[in-house]
Amino acid sequence: MEEKDFIENELSQILASRLLDGKKQACNFLTYIVAETLAGRGEKITQYGIAIEALGKPDDFCPTDSPAVRVEAGRVRKLLETYYATEGKDSKIRIILPSGSYQPVFDSMAKSEPLVVQHFGPKSIQSLGPKVHICYPDTALIRDDSLRGLVYNMRSILPMVMGNFREVRIALARISPTKTPQGDELDIAWRQHQAEFLLQCTAEIVPNGFDIRFALFHTLTHEVVWSDSAPLPAHHTQQTLETIFSQLIQETFSLHRGVAMAYWSRYWKTHGTIPSHYQVLVEHVAFIQDNAGETNLQTFMDACQTRTQRYHDDALAHLHYAVLCLYAYMFRGSTKTLLTNQWHRLALRALELNPGNALAHSIFALECFHRGDYEMGQVEIETARQVNPYDTTIGHLMAVGLCALRQWERAFTLMRDIAGLNSGYPDPLRTIPCLFYFRRGEFARIAATVPQYAELGGWETFGKLTTHCRTDDCKGCIQTLSTAVDKANSHHKISLLAAQPLWKNIKQRLSTPAPPLLEDMPVQNTTLQ
């Protein structure tokens, strides 16, 4: 066989693989670029040609306005890497799509060398979030086989789930003392790993199965930031463990209500000097969790501008700057016009610097809706949810953004699926997700019953929210929600650590049916009457 025949045969093998099953756009993309290259036109492959010939875009497609081709290229590149690391590991020839290029490379020598997939790692110029040092029981000291197996599963699944949350970095440990960590152990976690948090995970056998316990410590102050436990049936599935761990991370490290993120942000805000690579995330968390006001928004914007102007490849800074544009749009303040004009550029840049990041896809989806590109927006929403199904924060943010963009039905569909809300009650949960819902989710949580809804101000509060909404006054809406929730929290003396029980959240998520695909969602753009 000639080399061309080998390549075409390899392409057929890839297209028939389980990995590409059902991925029509990726198959079309790959087929087109391989065919063009074999025909001697590889150097002339363009985004426009791919969009029209392979992806079925209309003739007026503009590559500068839509990243559809760049996004699909990133997906195909990762699919090829995964294919040759799994199903195609014994292939005699490999089809490779180099980064930054649409012309594939055919490597017949790759079979003798292991495939090395390079990942974008943090550098000194990158904005970062906190690092958590995870420690587990010493399996050598566990005699019960079932308990030892559970600990092994915890050690493999928890880092995998946490790795989907890009704002958090992970440092692993082999052994965890069953007692509370002493000062020297916390000091070691900081000195050796630069980890500001130590997450201790333990498990023990109980009559009906196991009891998994978590304790989170701040290594610099030695304070217990958060602790909780969850029962686990003796006969459990990996999905149950993944759900437990994802709920754990939501409670501790999510942007909008994570207690560790709030503690971390407040620590550095009161410490005097915030490390430059922490400033963007510290200010974002302060805005979301402490005071969603224009003063904090300006401080957040200053941090984003400083980092992105100084470091053009700061992935996290560009990403959170794009999210800030949504907040500016909602506040309708003096920064709205400036930032909404930059939103498209920042969202594109965030997507390029953060491939495979659910938050990057979600903020780009909202920017598509802002521009009126509903088809691309729908695709990106579904992509964001598939990229990181563990992070409901992404769904909250998209619901909030869709609400601000007056996409009421889409906003409510997302919010209902993620929070498990009853579609008929109460109306404010349908029409007013707003920024405060994303910030802490407390309005939805407190309004779960009629008596608690009354404590929020009942229909009087709802009337105010509706008035704000009809006049596009998101700022007034946020203030009304904040006042209502602060009053309810003061009445119940709800503290930072008094969140909804971990296991109650887990059971709710396990019982919630899978969300519908975006094609099944209502598409009408109704306004509040």
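The values are calculated or read from the model by the stated rules, or taken from the named source; none is laboratory data. Here the structure is a predicted model, which is why all the values come from computation and not from measurement. Cβ placement follows ideal geometry from the backbone for every residue including glycine, while neighbour counts extend to all protein chains displayed. Please note that ligands, DNA and RNA were not included when accessible areas were found on the heavy atoms of the full protein model with its side chains. Shrake-Rupley method; radii C 1.70, N 1.55, O 1.52, S 1.80 Å.
Rolling a 1.4 Å probe across all protein chains gives Lys92 an accessible area of roughly 150 Å².
Note on exposure: Thr467, Thr413 ranked by accessible area (1.4 Å probe, complete protein assembly) read Thr467, Thr413, with the most exposed listed first. Heavy atoms only, probe 1.4 Å: what % of the accessible area of region 242-400 goes to carbon and sulfur, would you let me know? Heavy-atom surface of region 242-400 belonging to carbon and sulfur, 1.4 Å probe: 47 percent.
Amide H to amide H, with H built 1.01 Å from N, Ser127 comes under 5 Å of Ala315, Leu316, Ala317, counting only residues 5 or more places away or on other chains. For region 276-333, the relative contact order is 35 percent, taking Cα pairs closer than 8 Å that sit 6 or more residues apart in sequence and dividing their mean separation by the residue count.
Computed 3J(HN,Hα) for region 199-212, one whole-Hz value per residue from the Karplus formula 6.51 cos²θ - 1.76 cosθ + 1.60 where θ = phi - 60°, is 9, 9, 10, 10, 8, 9, 7, 10, x, 9, x, 9, 10, 9, glycine and proline marked x.
Computed 3J(HN,Hα) for region 376-384, one whole-Hz value per residue from the Karplus formula 6.51 cos²θ - 1.76 cosθ + 1.60 where θ = phi - 60°, is 5, x, 5, 4, 5, 4, 5, 4, 4, glycine and proline marked x. The GluC sites (Glu not before Pro) found in region 201-287 that occupy coil by DSSP, while having at most 16 further C-beta atoms within 10 Å, are Glu223.
In percent, rounded to a whole number, the relative contact order of region 205-284 is 19, using alpha-carbon pairs under 8 Å and six or more apart. For region 355-365, backbone phi angles converted through the Karplus equation (6.51, -1.76, 1.60; θ = phi - 60°) give residue-by-residue couplings of x, x, 9, 5, 5, 5, 5, 5, 6, 5, 4 Hz, Gly and Pro being listed as x. Which entries in the list Lys131/Lys269; Lys4/Lys44; Lys269/Lys487; Lys24/Lys57; Lys78/Lys131; Lys44/Lys89 go over 22 Å, if you measure between the two C-alpha atoms of each? In this structure, Lys269/Lys487; Lys78/Lys131; Lys44/Lys89 exceed 22 Å between Cα atoms. Taking amide H as placed 1.01 Å from N in the peptide plane, the amide H of Leu172 sits under 5 Å from that of Ile134, each at least 5 places away or on another chain.
Starting from the exponent 0.38 and prefactor 2.2 Å, build the expected Rg for region 283-326 from its residue count and divide its actual Cα Rg by it.
Details: Rg = 10.1 Å, N = 44, 2.2 N^0.38 = 9.3 Å.
So the Cα radius of gyration is 1.09 times the expected 2.2 N^0.38 Å.
Using a probe of 1.4 Å, the accessible surface attributed to Lys269 totals some 90 Å² when neighbouring protein chains are kept in position. Measuring r between the beta carbons of Gln194 and Leu19 and using R0 = 60 Å, the FRET efficiency lands at 0.95. In this structure the amide hydrogen of Glu196, modeled in the peptide plane, comes within under 5 Å of the amide hydrogens of Lys131, none closer than 5 places in sequence on its chain.
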